[in-house]
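See below for the structure under consideration.
The values are calculated or read from the model by the stated rules, or taken from the named source; none is laboratory data. The model shown is predicted, which means the values in this text are computed figures rather than measured ones. We place every Cβ from the backbone using ideal geometry, glycine too, and count neighbours over all the protein chains shown. Surface areas here come from the heavy atoms of the whole protein model, side chains and all, with no ligands, DNA or RNA. Shrake-Rupley method; radii C 1.70, N 1.55, O 1.52, S 1.80 Å.
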Amino acid sequence: MSTPITVAYGDGIGPEIMEAVLSILREAEAKISIDIIEIGERVYSKEWSHGISPSGWESIKRTKILLKSPTTTPQGKGHKSLNVALRKNLGLYANIRPCISYHPVIENKFDKFDIVVIRENEEDVYTGIEHRLTGDSYQCTKIITRSGSEKICRYAFEYAKKHNRKKVTCLTKDNIMKMTDGTFHAAFDRIAKEYQDIKAEHYIVDIGMARVATEPENFDVIVTENLYGDILSDIVAQTSGSVGLAGSSNIGNEYAMFEAVHGSAPDIAGKNVANPSGLLNAAVHMLIYIGQVGTAKLIYDAWLKTLEDGIHTADLYKEKRSKQKVGTKEFAEAVIDNLGKKPTTLPELIISSGSDSKINKVQDNYEQDYKVKKLVGSDIVLAWNKSSNFDQIVRLFESSNLQMIAIYSKGLAIWPGSSESSSDQITCRFIANNEKQAITNSDVNNLLIKLEEHNFDVVRMDKLYLYDGKEGFFS
């Protein structure tokens, strides 16, 4: 029986690389039935803000699998990223980007590496929660959950276990972002203890990325947060010789999406020069996911053989290494001609026999890790005239149940002291006068009311809590 899948042609080079990939799938006799939907620019123009119509959603919900070409998100006018919408609505929490060296066939600086980047897909600064607080100040909210961090880290270790990988590396910036990245790192350490046969290591993200870029052969599986993973996966893909080679899987417990990692490249659209390899590799991942391992291997080996034959698209073509520069259609035809053949230099696709194609569902296992949550204060952000002094606001709360203990500007304490605000917003921190005193929501609300009564412009407020006596805020 054939497996139903949803296919989206996308924008720019999307339609031509999708046609090339589908032609290979047909010739390889992949057992799939295709439902085509329209996404991207033309759908945005019909005022669906996420670039996908209700009928498109219905198709994906029915087939549960999407093979997608790149799309273009129009700038402005309230348009939102289609990829972000798909990941959120379908619960695609894991982004998997395998990347290997194709040396000596494809020119790169490294003889051998085989890296899989596993990126958390639903959290971090990619939640799209942004605000303009004042005339000069903008804010992007970073959300990291303990349950989401544990979920993606567990997926990474399960992936390593299933694919006989020896090491999982975690990248964070928890020396600076101690609450958010610290939570991700702690989740990694907890999960790693359950997989004693797999080596676990952690790097601060900046030095970690530098090492990946200069010594990729020393890495295996890498798990990290959304933003870092987005950057890292392109670095790793480019290290292999071209971003155009890399495919990507977006996996959830119910749905899956497969796509190339590159963009829609409108400047070369319709010119028959785009490399379809990234989308083809995504289709190979899809076939493995739906259990058609034999067809996946047939196509992948034919693709490798085509690269070995020196038949290359413009992005890969080098006079000394390549034999023929071809277009999108011609490259697909060459892959079709090589179906049934195996590469002689590059390693063919090997998948463990008898292994299930899917990793078992990884559930959210949130368990409350505290007994007592106590409100102890509030951070209140005010729009501020840089030439103003703090005397009025300090005097206003001298006799309050909540004492103002500090004023910050972009994280720098400027009061007590004589520093001036470096921006047009300040953050006032209020803490209970007495540690034994019970603070209520009404006490915080009274702060806001008093500020409004005295014509201060409150643009944001965060409550400060202790969890079993431990500060749930950075001080």
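Out of S378, S387, S423, S419, one residue alone is exposed (fewer than 11 other Cβ atoms within 10 Å of the Cβ) and among the polar types (S, T, N, Q). It is S387. Entry remark, region 393-429: residues being of a type outside the set (A, V, I, L, M, F, W, C) and part of a strand (DSSP E or B) number 6 in total. Is region 140-148 home to any residue that is at pLDDT 95 or above, in a strand (DSSP E or B) and of a type in the set (V, I, T)? Yes, region 140-148 contains a residue that is at pLDDT 95 or above, in a strand (DSSP E or B) and of a type in the set (V, I, T). For G340, state whether it is outside any helix (DSSP H, G or I) and at pLDDT 95 or above. The answer is yes for G340. Candidates are the residues of region 222-256 that are among the β-branched types (V, I, T) and surrounded by 23 or more Cβ atoms within 10 Å (Cβ to Cβ); the one that is farthest from D174 (Cα to Cα) is I251. Just to be sure I understand the filter: pairs with C-beta atoms under 8 Å, separated by 6 or more residues or on different chains, first member in region 330-347 and crowded, with 17+ Cβ neighbours inside 10 Å, second member of a type in the set (F, W, Y). Which pairs pass? Within 8 Å, the pairs are V335/W303; N338/W303; L346/Y102.
Y366 meets the conditions (1) free of Cβ contacts under 8 Å to residues at least 12 places away in the same chain; (2) under 35 Å from the mean Cα position of the chain (by Cα); (3) part of a loop (DSSP other than H, G, I, E, B) in every case but one. The failed one is (1). A residue that is without any contact (Cβ under 8 Å) to a residue 40 or more places away in the chain and surrounded by fewer than 21 Cβ atoms within 10 Å (Cβ to Cβ) occurs nowhere in region 90-97.
D364 meets all of the listed conditions (1) closer than 30 Å to N95 by Cβ; (2) touching a Cys at 6+ places or on another chain (Cβ under 8 Å) but one, namely (2).
If I go through region 278-313 residue by residue, how many of them are under 22 Å from H103 (Cα atoms), open to solvent by 10 Å² or more (accessible area, probe 1.4 Å) and not in a helix (DSSP H, G or I)? Of the residues in that region, 2 qualify. The single condition among (1) under 19 Å from N389 (Cα atoms); (2) assigned to a helix (DSSP H, G or I) that V444 does not meet is (1).
Residues are listed down the side, and each one gets a yes or a no for (1) touching a helix residue (DSSP H, G or I) at 6+ places or on another chain (Cβ under 9 Å); (2) outside any helix (DSSP H, G or I):
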| site | (1), (2) |
| --- | --- |
| Y155 | no, no |
| K161 | no, no |
| C170 | yes, yes |
| R190 | yes, no |
| H202 | yes, yes |
| A213 | yes, no |
| D230 | yes, no |
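Within the set Y159, Y195, the sole residue that is surrounded by fewer than 22 Cβ atoms within 10 Å (Cβ to Cβ), in contact (Cβ under 8 Å) with a residue 24 or more places away in the chain, closer than 29 Å to A260 by Cβ and of a type in the set (F, W, Y) turns out to be Y159.
Note on region 447-458: residues that are part of a helix (DSSP H, G or I), touching a residue at least 12 places away in the same chain (Cβ under 8 Å) and open to solvent by 50 Å² or more (accessible area, probe 1.4 Å) total 1.
Residues in region 227-248 that are modelled with pLDDT of 95 or more and under 18 Å from Y159 (Cα atoms): G229 alone.
Here K88 qualifies as within 23 Å of the chain's Cα centre (by Cα), outside any strand (DSSP E or B) and not β-branched (V, I, T). Summed over region 105-126, residues that are within 22 Å of V362 (Cα to Cα), of a type outside the set (F, W, Y) and open to solvent by 20 Å² or more (accessible area, probe 1.4 Å) total 2.
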